[in-house]
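Chemist: My structure is below; once you've seen it, I'll send some questions.
Read-outs throughout are calculated quantities, based only on the coordinates presented, and are distinct from any laboratory measurement. All of these numbers come straight from a predicted model, not from anything done at the bench. Don't worry about glycine lacking a Cβ; one is built from the backbone with ideal geometry, like all the others, and counts go over all protein chains shown.
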Amino acid sequence: MSAHGPALELAGITKRFGDTTAVEGVDLRVNFGAVHVLLGENGAGKTTLLRIAAGLLPPDEGRVVIPLTSSAAAAQPSTAGATRISLVHQHFSAVPALTVAENVALGRGGLLSRFNPGAIADELAALHRETGLVLPPPNTRVADLEVAEQQRVEIAKALLKRPGILMLDEPTSTLSPDAGRDLYRWLGEYAAGGHAVVVVTHRISDALAFGTDVTVLRHGRVALRAPRSATNERELLDAMFGAELEFAPDPASADAAAEGTDGRPVVIALRGAGYRDDRGVEHVANATLDIRAGEIVGVAGIDRSGHSALLRLAAGRIRPTSGSVVRGSTVAFVPEDRLRDALIGELSLEENFLLRGSAERRGWVSSAEGRAKTAAAMSAYAVRATDTLVPAAELSGGNQQRFVLSRELADQPRALVAEHPTRGLDARSGGFVRQALRSMRERGGAVLLYSADIDELLAMADRIVVCHRGRVIAVSRDRAAIARAMAGTA
Amino acid sequence: MFRRLLLATWAAALGACSGDSSKSSVATDGLRVALLTPGPISDQAWNGSAYAGLTRVRDSLGAQVSHVQVRTPADFEENFRQYGSAGYSLIIGHGFEFQDVAARVAPSYPKSFYVTTGGSTTGPNLGTLSFSFDEPSFLAGMIAGAATRTGVIGSVGGTDLPPVHKSFDAFREGAQFVRPDIRVITTFIGNWDDAGAGKEQALALMGRRADIIFQNADAAGLGVFQAVRERPGTLVIGANANQNALVPGGVLGSVVIDIPHAFLLLARRVKDGTAKGEVISFSTTDDVVRWEPSDPIVKARVPAAVLARVDSVQRAMRQGTFTASTSPTVVGARP
Amino acid sequence: MRLLGAARYFARTTLPAVAVGAGLIGILGVVIALAGHDAGDALISGAQAAFGSSDALISATLKRATPLMWLGLAVAVAFRAGVLNIGAEGQFLVGAVCASAAGLYLPELPGVGGPLIVLAAGALGGMAWAGSAGWLLRRHGVNEVVSTLLLNLLASQLVGYLVRGPLQEPSRTYPQSSAVPEYFRVPLLLDGYRLHAGFLLAILAAGIIALLTYRHAIGFRWRVVGLGPLAAESAGLIDVGATRVRVLLLSGAFAGIAGAGELAGVTYSLFEGLSPGYGYTAIAVALIARLHPIGLLASAIAFGALGAAGDGMQRNSGVPADLTVVVSAGAILAVLAYPYVRARWAVMNPATDPPATDRAANA
């Protein structure tokens, strides 16, 4: 078993979809015994390249070579060839209602094969001994598993195909930091055992901490190719984004905090506002909060603390069941779940642009006017898409978020409510969104911002309130104070 | 589906309204017969018996036959017209619901003879089949009058449609013909589907000492058979099909309509050029409608003298010399 | 890009219909042959009965397509907005009942079109029937699939009662109503053919609905509410519940007009068996056309032709009715299964379906 021979070579790979070039002239070489990190921002072409490498997608140009040298997989004649590469997708494919063993059996396909839970349990135990992959009991239902456990089931399904090369697409996107570390640690050991591992991610920190080799993709081309030992964070950032980043605390917010915003006009006023849903569950109780022109009010809170309802009350998306909410005009709203609450994936960008304010619209919908407005807003917010007729679902996450912002801010609203608007975005897109919120403040807009990232709140907000069990508590702009209030120990 | 037959029996009474009965000019050579059924011929009932009639016409007269199952009144006209333009000699719409459409279509195809089953509308080349159900009902009444031990008999109908009423009147006439002091109780269930309600009605009649019940209630009438099964000693008389085997030892006989035979007689008339645009009534005379006794029980319960009278009345009916309750005075005399 | 878009649209909408149609004829032939009949002869009889003459085309195929067009519109409008109205069947029947009652009891008004009165009565009836499901949905949160389905059963019982009770013909013999007077009948379009004016009205209505759906703020809200109710509410501030009830009422009106047209344009009298499940066939009509108002006119005609061909095969080739019913049912299943088959095919042949995230952004 050679520990360092080439496992996979891609040469001059180009792939186009219609007018769009996803990857262009990409070379990639993956070695046995290495964790190869494929790094790039959203939409850089990582997933396309991965699918080409895995043989799921034919390239337009270039070739994929899998050298038939001695490798762990080639040693087993029954699996050599067809299943040399296993891909673990970003989204899990396990059936939640079935047990681990049943899901593994499903992965086998084979309409006529009999389901033998005992044999599968044995196989999983053998896999654990062989690779050290810790698996939940085979008779547990997948629905009852932690996310990290579910992912290990996915990996087990891939490993049972006895691949020479294991590929994972954004494997840590849904994992906690600890679980992510554990995963990478295991991947490292697995690779050290003579296998090749390819990981697609947009996290520089992952590449630096766990990669053996790093390839950075930018706009479908290779921007950097280096062993981990020969590169650093600065270099990777530059390769990914081509420019320097800013995620420094905004001096303006510190100034505003020092000055105080009390004298400015109130744009949104919550007066003892409360909200109970149809089932009588109380989400917000007796909230009083002013959001003034030219300030960003930050909201912090753990899951189910009521911040979600608070934001929707302020935005006028739900009516208070007690107290009152006074708003000047329609409030722009950027919800956390873009594809559920802000965009309709099947509809074109033009149509999604028209979605805002569609309740009041009368008469014929002029596509020319809609197109012009959409295009203008998109260029102002650097939304990258072939044209305005592209379905919203086909945009990458960062482009979708910029598009939502461009729409919500297109007619210069006085107030904006934003719910974790940088969630899931790469650093560049996140920076763009933060900049948009700041310029909103600078031209006198009122902004209510929720973020799960305390550092982001500290960097952005003039004032901070914390939601805890439906109560809204004003806190100082101090990390420890915020954390205590979130935990309810203030 | 046998309730449709009730309408067919009733049409005879309405037939007087339609005047035109001129002879049609149907070609006699190369007999071609078409049948439209409103449901699947696999139903072993209304539609199945019609299809059996069609095959009998084919086998007995060497006719070329065609069948179509239509689903909605909207389809009727399309198929009536298609058959007319294809030159079929006899086109049967098996149901009352065909009559309006037949009346609209028939004038356009004078070379075809259109017939509906159980309608009342007629025209120069449009007839409708009707069955005189009252004659065998009269015979059933004679047998029941002689067979009862309590002197009380009953009849149970689905709803109070005129043809049912007429049949029950004849049943009473027949019973009184052999036993003038007999009590005949007539009731109606209110629907044609609820076998449970049919059973309740039958049990109620039995509570009033009725020991023989003439049912004419389609699916609801099956409840009467259940009641008889639970009360040994009581008897039921079936209707439309031969229902004598439904309760072993509990059925006195059935009043039967033989639709295949009716179709054969009709097709013969069309072939001979004797079919007329009128209410074409079939009765005991033609052996299309008949009383079919359950012999062992009848012989055990009815004196030979009465059986002889029944035979002579039946002979008279077949010769057309016995009018029973078809006479207006008897119909008018019903309570 | 526009041209490519048009081609893609064609591939998504028209091709499936053509494929299903062609597949259907193949299946039909095989089934007929398996049942021991001469498949060629039967298919020719069928084709002649559906398209063989102007009479076959107009009096059979198009006449049969007319109620399916209206009902298909009813289903498409509702489904488009995410309202699963399974109740077109019941709304059709109630529309026919109201049309019959209006025709029999309303006086003749000089200067006002009798057919318009009858069709309006049908529309109101269908609307009221659908509206009761809408009320249950809004007020009590009753799923519209359940309520409309149950209202179908109620409607057929209602017809059964009426033709034996209040609306029964005067001799009280037959379970049917009298024919509506000449004044109230929907006129036939061509002398000697059985096609009534409801056919043209259906095309007109489909055109209007197509314009509304794709070009007007009202139709935009229908689509938005159907595709993303949460986004419609949150980003569009649309009252999703109220929009759905309005759409359900419109859907009911179309179904009611279908029933009124069938009564006042074809049968003239109310019968129990007025619909052989048109309301359910219409779901297939609408789905095969991907809910496109113009496309469903074509699929309604295809189903009309299938019905006419089925009768023709029975008449002239002795193919039993059950076989044609089996094939219709197979068609509906094929249409319903198509998206899943297509999705599976796309999974197995990923080259034709590039990953979403990388396509647009790399332009």
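Chemist: Note the count of lysine pairs whose C-alpha atoms are less than 15 angstrom apart in the protein assembly as shown, limited to pairs 8 or more residues apart or on different chains. It would help to have the intermediate numbers written out before the result.
Modeler: Details: A:Lys15/A:Lys46; B:Lys23/B:Lys111; B:Lys23/B:Lys271; B:Lys23/B:Lys276; B:Lys111/B:Lys271; B:Lys111/B:Lys276.
Value for the protein assembly as shown: 6.
Chemist: In the Gaussian network model of chain C, springs joining C-alpha atoms below 10 Å, which of C:Thr148, C:Thr66, C:Thr173 carries the largest mean-square fluctuation?
Modeler: C:Thr173
Chemist: Provide the FRET efficiency to the nearest 0.05 for the B:Ala86-C:Asp38 pair, computing r from the beta carbons and using R0 = 30 Å. Each step should come with its number before you reach the end.
Modeler: On the way: r = 18 Å, r/R0 = 0.61.
Working from the Cβ atoms, E equals 0.95.
Chemist: Nearest-5 percent of antiparallel DSSP beta bridges in chain A?
Modeler: Values: 37 of 72 bridges.
If I count the DSSP bridges inside chain A, around 50 percent turn out antiparallel.
Chemist: Using a simple spin-label model with points 7 Å from Cα along the Cα→Cβ vector, what separation in nm is obtained for B:Ala308 and B:Arg149?
Modeler: Result: 2.6 nm between the two label points.
Chemist: Report the local net charge at A:Asp60: Lys and Arg +1, Asp and Glu -1, summed over other residues whose C-beta lies under 10 Å from its C-beta.
Modeler: Working: positive: A:Lys15, A:Arg16; negative: A:Glu24, A:Glu61.
Here the charged neighbours net out to 0.
Chemist: Placing +1 at every Lys and Arg Cβ and -1 at every Asp and Glu Cβ, with all other atoms neutral, what dipole size does the range C:2-362 have around its Cα centre, in debye to the nearest 20? Each step should come with its number before you reach the end.
Modeler: Details: 22 positive and 17 negative charges, 217 e Å.
That gives the range C:2-362 a dipole magnitude of about 1040 debye.
Chemist: To the nearest 20 Debye, how big is the dipole of the range C:43-191 about its Cα centre, given +1 on the beta carbon of each Lys and Arg and -1 on that of each Asp and Glu?
Modeler: Working: 8 positive and 7 negative charges, 81 e Å.
Roughly 400 debye, rounded to the nearest 20.
Chemist: Further question on the same structure: Please give the net charge around A:Ala481, taking every other residue with its beta carbon less than 15 angstrom from that of A:Ala481, where Lys and Arg add +1 and Asp and Glu add -1.
Modeler: Once positives and negatives cancel, what remains is +2.
Chemist: Specify the angular offset, from 0 to 90 degrees and rounded to the nearest 10, of the alpha carbon long axis of helix B:73-85 from the longest principal axis of the alpha carbons in chain B.
Modeler: That helix lies at roughly 50 degrees to the long axis.
Chemist: May I pose another question? Rounded to whole Å, give me the distance from the Cα center of the range B:70-117 to that of the range A:360-403.
Modeler: Here the two parts' Cα centres lie 61 Å apart.
Chemist: Counting only trypsin sites (Lys or Arg not before Pro) that sit in a DSSP loop (anything but H, G, I, E, B) with at most 16 other Cβ atoms within 10 Å, what is the longest stretch of chain B containing none of them?
Modeler: Value returned for the longest uninterrupted segment is B:210-335.
Chemist: Karplus couplings for the range C:127-141 from phi (6.51 cos²θ - 1.76 cosθ + 1.60, θ = phi - 60°), rounded to Hz, Gly and Pro as x?
Modeler: 5, 5, 5, 5, x, 5, 5, x, 5, 4, 5, 6, 7, 10, x
Chemist: In deg cm²/dmol, rounded to 500, what helix-only [θ] at 222 nm does chain C give when every DSSP H run of at least 4 residues adds -39500 (n - 2.57) and the total is split over its residues? Present the calculation step by step, with values, prior to reporting the outcome.
Modeler: Details: 14 runs with 256 residues, N = 363.
For chain C, the value works out to -24000 deg cm²/dmol.
Chemist: I would also like to ask the following. Putting +1 on Lys and Arg Cβ atoms and -1 on Asp and Glu Cβ atoms, find which of C:Leu263, B:Val289, A:Val267 reaches farthest to the positive end of the dipole of the protein assembly as shown.
Modeler: Going by the Cα projections, it comes out as B:Val289.
Chemist: Can you give the FRET efficiency for A:Asp455 and C:Val325, using 1/(1 + (r/R0)^6), R0 = 60 Å, r = Cβ-Cβ distance, to the nearest 0.05? Before the final figure, lay out the partial values.
Modeler: Values: r = 68 Å, r/R0 = 1.13.
Efficiency computed from Cβ-Cβ geometry: 0.30.
Chemist: Let me ask you something else. What is the sum of charges, Lys and Arg at +1 and Asp and Glu at -1, for the other residues whose Cβ falls under 15 Å from the Cβ of C:Val319?
Modeler: Working: positive: C:Arg315; negative: C:Asp38, C:Asp41, C:Asp311, C:Asp322.
Within the 15 Å Cβ shell, the charges total -3.
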